[in-house]
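Undergrad: Questions regarding the structure given below will be posed in turn.
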Amino acid sequence: VAKECPQSAKPPSGSRSGARGSSDVSPLNREKKQRLSSASVGGQTVAKQLKNSRQKSTNGWRTVGLPFEKEVFTVGEETLAMRKCFEGIHRDRDVIRVRDTVLLKSGPRKKTLPYVAK
């Protein structure tokens, strides 16, 4: 006589009974998410941005020095934009600092011209 497996009490995977779909959210979880995404300021509820936990992809480059705010020129925009800047970046033994000029590969093909960046 075979023993009954405790997992057999679960409904089949194709069954919707007892299984939660991605759209099913318990009222407690919904309230918790709303509290996390809003803050009360002066009696009014104000939406608060949640910080993205993923770091920006930098292809292995790390910043050098402390961050500071500076107005920078961006191609395609008429006005200067405030950006977080650093003294430089480094990867392995390579260091690029402010005022350096670098030759960037602009594409995978040999025909594509490189781009001079300052």
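What follows is calculated from the coordinates using simple rules that are stated; it is not laboratory data. Just so it is clear, the model here is predicted, and its values are computed rather than measured. Quick reminder, even Gly has a Cβ in these numbers, built from the backbone with ideal geometry, and neighbours come from all protein chains shown.
Undergrad: Using a simple spin-label model with points 7 Å from Cα along the Cα→Cβ vector, what separation in nm is obtained for GLU77 and LYS105?
TA: So the two model labels end up 2.9 nm from each other.
Undergrad: Structure shown: which of LYS84/LYS105; LYS56/LYS105; LYS84/LYS110; LYS70/LYS111 lie over 29 Å apart, alpha-carbon to alpha-carbon?
TA: Details: LYS84/LYS105 25 Å; LYS56/LYS105 21 Å; LYS84/LYS110 34 Å; LYS70/LYS111 36 Å.
Table pairs above 29 Å Cα-Cα are LYS84/LYS110; LYS70/LYS111.
Undergrad: Once the other residues with Cβ under 13 Å from the Cβ of ILE96 are scored (Lys, Arg +1; Asp, Glu -1), what is the net sum?
TA: That works out to +2.
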